[in-house]
Every structure is written in C-alpha cells, then in structure tokens.
Amino acid sequence: MSTIIRIAFRNVIRHKRRALITAITMMVGIGFFIALDSLYNGLDRLSVDDVINFRDSSVKIFSAAYDADRESYPLDKGIPDTTAVGAWLEQDKRVVAVTPRTQFLAQAGNNRDSVYVIGNVVDPVSDAKVFLLKNALIGGYFTQRAGSDRQVIVGKDLATKLRLSVGDTVVLAASTRYEAQNADDFTIVGLLSTSDPALNKSSVFITYDAANDFLDLGGLVTEMDVRLEPRASLPATLADSTAVAAATKAAFPTLAPYSFQDLNKGILTVLKQKRAWGYVMMLFLLLIAAVGIVNTVLMSVYERIREVGVLKALGFRGREIVRMFILEGFFVGCLGSLLGTALGALINCYTIYVGFSLAKFGDVGGGFVFWGTLRGEWNPGSIIFAVIFGMVVAMVAAYIPARSAARMTATTALRFV
Amino acid sequence: MRNIWRNRRRSLLAMLSVALASLLCLVLQGLLGGFQESLVKNFTKNETGHIRVTTKDFADRAELLPVDAMIHHPDQIESAIRTSPAIADKVRIMTERISFGVLLENKGLNKTAVALAGDPKTEESLLYLQRSILPGGHYIDGPSQTIIGAGLAEDLKLSVGDALKVVSEASDGSLQLKKFRIVGIFRTGVTTLDGKIFQVPLGDAKTFLRTEGGSQSIIIMLDDYHEAARVAALISALLEDPTLAVTPWTEIGDYARLIQIETKIFNALDLIVMFLGAFIITNIMTMVVLERRKEIGILKSMGFARGEVLVLFLWEGVFLGIWGSLIGGGLGFLLNVILHFRGVDFSSYFTSLEFPVDNIIYWTVDAPVAAGIVILGCVISGVVSIIPSLRAARMNAVDAIKSI
Amino acid sequence: MKTRTPRAIFTAALLCTAGAGTCCAAGLSGDEILKRMDANTSYRTIEYDGTLAIYSGDTVRTKEMKATAMGTSKALAEFTNPEDKGTKFLKIDKNLWIYFPSEQDTVKISGHMLKEGMMGSDVSYQDALESDDLFKKYAVTVSGEDTVDGRPCYVLTLDATVKDVQYETRKMWVDEERFVALKQEMHAKSGKLLKVSRVLEVQQIGDRFFPIRAEISDQLKQGSRTQFIMADVRLDVPVSETMFSLRNLGR
C-alpha cells in the first residue's frame, strides 16, 4: 500500500502544473464559499444586532403582572425592586449593563395634527450603556443642561410627518399614572433614524426626570433591558440570551424575562429563509468549482492511460491502480482544500476584523442612516463542509475514469493515445 | 479541424466544461433574478403591491386606514387598465383591497385589530394566509366567513366555528357591527400578523362599510417589478384623474431600501460566480494547450511555421470555446425558460412552512444577458488560448516533443 | 350636602348650570357658586332629543338621538340619524353596551377602550360616563369677575386636590345671574390648555336654567370641535327602570 502512496505522491509532484491548476480551481471555489458563508452569517448578525441595539436588547424583563397587560401600556405593575434585580444581573459575567425603561401611550402633535406614538422613558446615562441610540441620531442626545428636563428624541419619520425638526417644539399629550390628562411642550434634541420603521415612525424618548413630573411617574419602571457581552457567532449570542433570561426567571419568579428569541421569532424565521436562499446560491458556487475540478482531473487521468498500461505490465493490479489515482486525487484535493481554506480564511480575516463599513451604502434615498460594519463570522462547520466537498469531488473525479482505465488490458492501455 | 476530432475525448471534455460553466452561470442569473423577484413580491404583496392605486387623500392618511377616502369606481379603473394594450400585458395580478381598523368583542373582552378585505381567490396568491391555517380550520370559501390570527383567537378566547363580532366606523361615519363566522385560525409565526390581523371577503367589507362599491386601493402585481415606476406613470396618464395617486412600491415604505441592499449583495455574488466561471474556462483552455505541447513539437518538426501553429491552436481554442459557450448558453437559456414557466417550489427547504410568503421561484429570462454570457465565454476562451498558443508556437520542436 | 354632577349621556363633564337664579350676591364662596350650579343640573330623570355635531376641519358629522337617563348610573340613547338608525347605547354604572339593529346583537365596551374618543369626537367614553366629582377633587376659589357673551360672570379657579383627576386645573366662568358655567377651560398638569367648552344656549325649565347647547374643542388639534344640542328637554319625568337593561335593547 505504501508503495502506491509513494507513487501517487510522486505522480502528483511530477504533474505539478496540472495539480496546481486543479488545486487553484478548488481554492477559488472553496475560498469564496467560505468567505460568502461568513458574510451571510454576518448579515444575519447585523439584522439581529440592529434589533438588540435599538429595540429589544438581549434580555427584556417585565413584571409578570405587567406582562399580562402589556398591550395597553399601563402605568402600574412595574418592577418592584429594580436595584436588587440590577445588582443580581450585573454580577453575571455575561452581563455588561442594565437599564430601566418605562413605556406609555401618547399623542405627539404640532398644535395642528397629532399622531399616536409609543413613549419611552429612559435614564440617559445607563440607557446609553445598553442601547445605541446615540449612533443613530440626527442632532444630539439628551444633555444635562439645567432646565433640560423637557427634552425629547423622536423618530425621524415622525418628525417629518409633523413637519418638525431638531430644535422645534412638539406637544406630547398623555395620561399620567393617575389617569389625569397632561400635555406639555417638549424640545426635540435629536431625530432617531434606525433600520426599524416602527421606531422611526412612532416612538418618542424622554428622560425619567421629565416623566416623573410629566406623567407623575414616581420612578415607575415597567421594563429592564440588558446588554450582554458580544459573542463571536450568532448561535452563541442567542444561547446567551436564552440562558440569562432563564436564570433571571429562576432567581426572580415574579418577573417575566424575555430572551431575544422569545421576542423575535418572526425575524429569526425570515433570516432562516434568506439563509436557505443563500445556501442555494452557494451551492452554485460549489457546482461550478466541481465542474472545474472534475474537468481537470478527468483530463489528467485520460492523459495518463498509457502509464496505466505500463503499471499493469509491471504487475500492478487494477484495484491498486485505481487506488493510486484516487490517492492522487486525494493529494490534489488536500492541496486545493488547504489553499481554499487559506484563501477563505484570509478573506474572512479582512471581513471579520476590518469589515465593510455600511456607510458606503449610505444614502440609499430618504436620508436613511446606515451605520455600523458588516462583519463576517467564523463558521467552522461550513469550512469543514467545503473542504470535505472539495476532496470528495476530487477523489470521485479521479475514481471514475481510473476504474475504466484500470480494467483495460495492459496492451490496450499502452496503445492508447 | 482534424486535431480536434482526433483527440475527441479531450476536446469533448473541454467543450463540455466550458458549456457547463456557461450553463451554470446563466442558470444562476435566472435564479438570482427569480430570487429578487420573489423578495420584492413578498415584501410588497401584503400592503402595496408593485403598484398601488388609491385616492390622494388616502395616500396622505394611509396609516390611519381611513374608510372615507375610497376610490368610488374601482371597476372602471380596472377595465381601463385591462383594455389598454400598452399596460394590460405587463399586469399579472390586479385586485381591490380594503384595510380598516376595528374593535372586536367577545364575552366582554375587547381588542383592536385590522381587517384585510380582498377577493379570497386572488388573495390565495397574495396574502397567502391559507398556507398558515392550523389544522381544524379551512380557508374562506363563502361570504361572512373569516380567518383570524392565532394571537387574536387567544386574546379573545375564540375558536373555529365561533362568531367574530366586528365593530367599525363606516364610510358614512356611522358605527356598524358585523358578525363573521370563524372558519380558520392561522399562525404565521409573525406576531404582528397573528395578533392583529384577520381576513374577510371584499364583498362583505364593502357592504359593512357602506362604500357603495368603492375600495381603498387597487393592488397591481407586474410581470417585471423593475418596470413599476414606468408602468405607474403610464397608468397615471391613462386615468387622468388628479384625485388618484398611482404609486410604485419603491416610493412607499421603507423596504425599498432594504431590497436595494439585497440587490447589491446578489449582484456581488453574481459577479463572483461569473468570475469563477471565467476562471474555469481559463483553466480548461490553458490545460488543453499545455497538454498538447508534444503535438506542437511534431507539427513543427513536420514543417509547420510558427504562425501556422499559432493560428491552428488559436482556432482550436476559439472553436471549442464558441461551441462550448453556445451549447451551454443555449441549454441554460432553455432551462431558464422552462423554469420560468414552471417555477420551483423551495418550500421544502424552509423550516417554517407556515410563513406567508411565496416560495416558488420563477427563473427570470433575460435574452441580452444570455447572449452576453455566451459572448463572454467565447471571448475568454479565445483570449485564454492566445498566450499558450503563442508559447507553443515559439517552442522549438525538440523540446516540445520531449515534454510530456 | 353635595351631589355628584349628573350628566346626560354624551355631554361632557362640563354642563354645569346655575341654580334657581335669584340673588347674585357678591361675596359668594366658590363652593356656594358650585352648589347653585349643581342645583340647576341635578335631576332624577331626564329625557331629550340630542344632536351631536362633530367638526373636524372642514367636515361635519351629525348624529341625532333620543336619550333617557336615570341619575348618573343609568342611561340609554337611541340614534335617529339615518346612517345609525336603531343603534343604541346603554350605560349602567361604568359599563357600556352598544346594540346594532342590523345584526340584532350587542357589543360591550370595557377597560381602556373607554378612553378612546367616541365616534371620533372630542368626547371620550370616559368623559361621558364618569364625572370628576368637582367638590371632592378640587379646591375652588373665586378669582375674579369677567364678562362672557355680554353676561357678567364669576371666574372660578378649581385646583385639583388629588392626583386622579381628568384635568389638573379648571377655570369656570359662571353666569352671575343664572349660575350656568358659560365657559370652561381645562388645563393639564403642565398648565397647557387642553380643552375649552362653551355653553351657547341656556333654557329655563321651571325654575332652573339648563344648558341645552354646548361646544367643546380640543386645543391640541386644530379645527377640532364637538357640539352637543339638547331639544325637548324633560326633567324628572317618570321613567321605567326596566328600560335600562340588555334585554330591552333588542326590542
């Protein structure tokens, strides 16, 4: 057997050029497959990150009582001891920061028209540690200036609808915690432009300082949002979210914590769908690479049928000859896969550590603010898949002609041209 | 010529590979086109269609789902479009819709919701909710029937067979109640749909809302969504009604942006595959020429001049390339056409079959692109044959024969 | 001795009227003025033909109804305008039912749905069904005198003394002679003016002065106002309690 291996290896070296060409074809196919797969994962991640960074965070916690009535945005049934919950969460290594929020129903108007909106009360300092509103603002964030407690951040599309912009006054009308009607002038300090149309069209953000007065809130907190340590892959991110939510529920039975998956089944389904399409396309990539591999291997085997004759004359049996060719295929396959993985890894390094700044997609019309970077993700699974695929194709491509060649008698083979 | 046939296997192999590469590229083009079309369709089918005809009044207040901003004679508009030769061919689906906010009640429980009213038969290929109906129920097959989201059913404690009480303000400002029979409950997995939406027949909605035949919008799906803006302009000119707004999907909502990004990504992928295809052709051709160095030596020793050798090889290379591209391109084009009319249902690849999207992909057929790919294949084959042919021509006979 | 200010259905909590209007002595306290207003509007039963006109910019929607009420707890109204003909609203305590003749069925409105504006008007179900108990929840002071529509009025300022009121501050211009609040301003906690109501017509029924035409406008929405007109008002007429029942709706 070892003779065969040696012969096979030397054959490959002898036909360097051919082997190289085959290997390069494999390299391009496999390399791009890996890179694309990584980018697709990155795209999914981007969509998920958007939701985490702007709307849902990694874990969203309500009191169980509030959760049952969430649809009507009541201003009671808040989380009773937010300090205890916060402290407990922060000692979990996976948790980066925690922030309180309160939601309320309101109408935003410009003294002519008014629109129903969802109001969010935030603590400007801790909120910035969990959410990334600051990065999606046109204008500015909340400031600490004295007399600044009537500041508001509104969704960009909402402002457009009411024909308002940064610096203008918007009238917010809402019921206080005690169901009294209140309305007040708020100054717009920033316009929020995210990839979430709902946020852009119907949200406003005010501070707890303002809300405690405006809504007679008394510091009521209806939800807590958690930022977790970023993980390299999407599955790990989702797993963390589920784990922390479960742990919170165990530690505080009267709370209703939601993991990202709980809140966003719809998005994850859509992503899975898009992924499936992505796979189909990557399949094409592999198919084309396979064509290249098969072609070169076939050609090289047929070229050397005369060698087969020689080998047979020398006493090698058919089976051994087939094995030899397969081994050659294997070696070339190894080379190609290695090169391909290297290329893929190289591209991945760029996409993962540098990434594509989405600002390039910039203004796709309508002043949509794109920010952030599209990054790839390491996916050992697909790398392994691609490598195996390449090697199998190379070996199978070698096997088929080899078999028919090996069956020939020595004399026929020798006479082959 | 004879050279080619002499080494049949090799030539055939080369040609086949070129053909396959061209074929795959072309089929991928069609597939990508089909994907994009499906993407646009799924984004637009629920609300705007490729083109939406409404009154301007409605367009201004669209989020409020007003029922007092109706198109009064939608049937006239539809027949005008259908009888216009320039437009009728481009339209694949045209249907009326009304969406309105309602208050639901059951056993003392209230919930606000949105009703989607359309022609049940047409909506089977648009809203697609029949796909998501849970066992024990069925799709709408008669008047006064409704299918409701699972979230709605839960919140109001309703089941199949119950009556759904719907209260809404009608076009004339009066308050109206209508009872529908729940024939099915759907679960799409999208919480905003399941918890807020229910579908009813258009006729019932028109009576209930006292629209006197009017509808909120006419949704139009085209054969080619790229033409939306152009066709919208044509329709606008045809109708000549300043109170109407004919809007292409690109001007409504935020998804146009997202789709443009997807498009860019698709295009990038396309380029990569084409590049790979070209690379493969290059490979093949190079190998073909390199393999035959010995022949070159023999030819030269037989007295062929350098120039003649060059032409010979070049011609062979180009010949193979042309045939390969033509066959591959031709087959690819044919496949695209077949798959365009048949379509492939990708539903089985998707884990969530309940999701209300159209998973059947219809390949797009683009003759200019097909021709382009064929030509590209030929050109590449030709170009790639040049250099090795040159080298072959320059080789001295003895070296050539010696090389294997 | 205070009474809750009862209201006919669909009038906002603003139709307060003056008492048996003899003396307009200066030096009346806020409480006393309120009491006189109260005396005008309190009734055991009431029947009337009502018209609700909802203005929104250039459009008007008009609803006509026949209404009957017993104190503050029970009320029944049947619509008579052509589009809504036969539709009935029934209120018993804090519950509201709507009966639709087309389906011969009833729908119950509960919970936070009641906060919505009825039929798109500026009057929410809550406004109509519940009243801010002025005496219990506000501290009243007479802050001056003014003239409204040519009539001299006391200006009352009412500041909320508890948190759960609809409006933090109210200002009332009470007709000194007839003890009808000709104008009311409802202010939010921030001081912002939310709603203004005006009484446009007052009728003398027996020895009371009853406001029969009032208009409320939402100050936050331009061009948005609602008018309520009562015709053929009959107070304290015999009314059978059985008419305020779900069973009765079907007939």
Handout entry: With eigenvalues of the C-alpha gyration tensor scaled by 5 and rooted, chain B, Å
Key = 62, 22, 15
Practice task
For the range B:210-222, take each phi angle, set θ = phi - 60°, evaluate the Karplus expression 6.51 cos²θ - 1.76 cosθ + 1.60, and give the result in whole Hz per residue in order, putting x for glycine and proline.
Solution key: 6, 8, 6, x, x, 10, 6, 8, 10, 9, 10, 10, 9
Exercise for the section: Arrange B:Leu339, A:Leu215 by Cβ neighbour counts within 10 Å, fewest through most, would you? Expected result: B:Leu339, A:Leu215
Completion exercise
Out of B:Asp119, B:Asp366, B:Asp155, a Gaussian network model of chain B with alpha-carbon springs under 10 Å gives the largest mean-square fluctuation to B:Asp155
Handout entry: the range A:112-123 - phi-based ³J(HN,Hα) in whole Hz, Karplus 6.51/-1.76/1.60, Gly and Pro as x
Key = 10, 10, 9, 10, 6, 9, 9, x, 10, 9, 10, 9
Exercise for the section: Quick one: angle between helix A:265-303 and the longest Cα principal axis of chain A, in degrees between 0 and 90, rounded to 10, please. Expected result: 20 degrees
Exercise for the section: Enumerate the lysines that A:Lys16 could reach by cross-link, defined here as Cα to Cα under 21 Å, with residues fewer than 8 away along the same chain left out. Expected result: B:Lys294, B:Lys402
Fill in the blank from the handout: With +1 at each Lys and Arg Cβ and -1 at each Asp and Glu Cβ, the charge dipole magnitude of chain B around its Cα centre, to the nearest 20 debye, comes out at 2420 debye
Handout entry: Most fluctuating residue given options B:Gly108, B:Gly173, B:Gly30, as computed from a GNM of chain B linking Cα atoms under 10 Å
Key = B:Gly108
Exercise for the section: As a check on your grasp of the helix formula, calculate [θ] at 222 nm for chain A: sum -39500 (n - 2.57) over DSSP H runs of n ≥ 4, divide by the residue count, round to the nearest 500. Expected result: -18000 deg cm²/dmol
Exercise for the section: Take chain A, connect every pair of alpha-carbon atoms lying under 10 Å apart with a spring to form a Gaussian network, then pick out the residue of A:Met27, A:Met281, A:Met395 with the largest mean-square fluctuation. Expected result: A:Met281
Problem - Integer Hz, Karplus 6.51/-1.76/1.60 couplings in order for the range A:253-260, x for Gly and Pro - result: x, 8, 9, 10, x, 10, 7, 4
Exercise for the section: For a footprinting-style exposure proxy, rank A:Ile347, C:Ile109 by other Cβ within 10 Å, fewest first. Expected result: A:Ile347, C:Ile109
Handout entry: Among the listed pairs B:Lys107/B:Lys178; A:Lys161/B:Lys56; A:Lys249/B:Lys111; A:Lys77/C:Lys108; C:Lys163/C:Lys192; C:Lys35/C:Lys183, those beyond 19 Å (Cα-Cα)
Key = A:Lys249/B:Lys111; A:Lys77/C:Lys108
Completion exercise
Ranked output for segments A:293-300, A:1-8 by mean other Cβ atoms within 10 Å, highest leading, reads A:293-300, A:1-8
Fill in the blank from the handout: Rounded to the nearest 10 degrees, the helix B:255-291 long axis (Cα) sits at an angle to the longest Cα principal axis of chain B of 20 degrees
Exercise for the section: Would you calculate the volume per residue, in Å³, of the smallest convex hull containing every Cα atom of the protein assembly as shown? Expected result: 204 Å³
Completion exercise
Burial-style ranking of C:65-74, A:244-253, average other-beta-carbon count within 10 Å with highest first, yields C:65-74, A:244-253
Handout entry: For A:293-300, mean number of other protein chain Cβ atoms within 10 Å
Key = 5
Handout entry: Share antiparallel - DSSP beta bridges, the range A:80-221, percent rounded to 5
Key = 70 percent
Fill in the blank from the handout: Note: A:275-285 gets an average of partner chain Cβ contacts (10 Å, Cβ to Cβ) equal to 6
Exercise for the section: Report the relative contact order of chain B, percent, no decimals, based on alpha-carbon pairs under 8 angstrom and at least 6 residues apart. Expected result: 27 percent
Problem - Shielding by partners - mean other protein chain Cβ count within 10 Å, residues of C:98-108 - result: 5
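A short reminder: the numbers here are calculations on the coordinates, not readings from a lab. What you see is a predicted model; the values in this text were computed from it and never measured. Quick reminder, even Gly has a Cβ in these numbers, built from the backbone with ideal geometry, and neighbours come from all protein chains shown.
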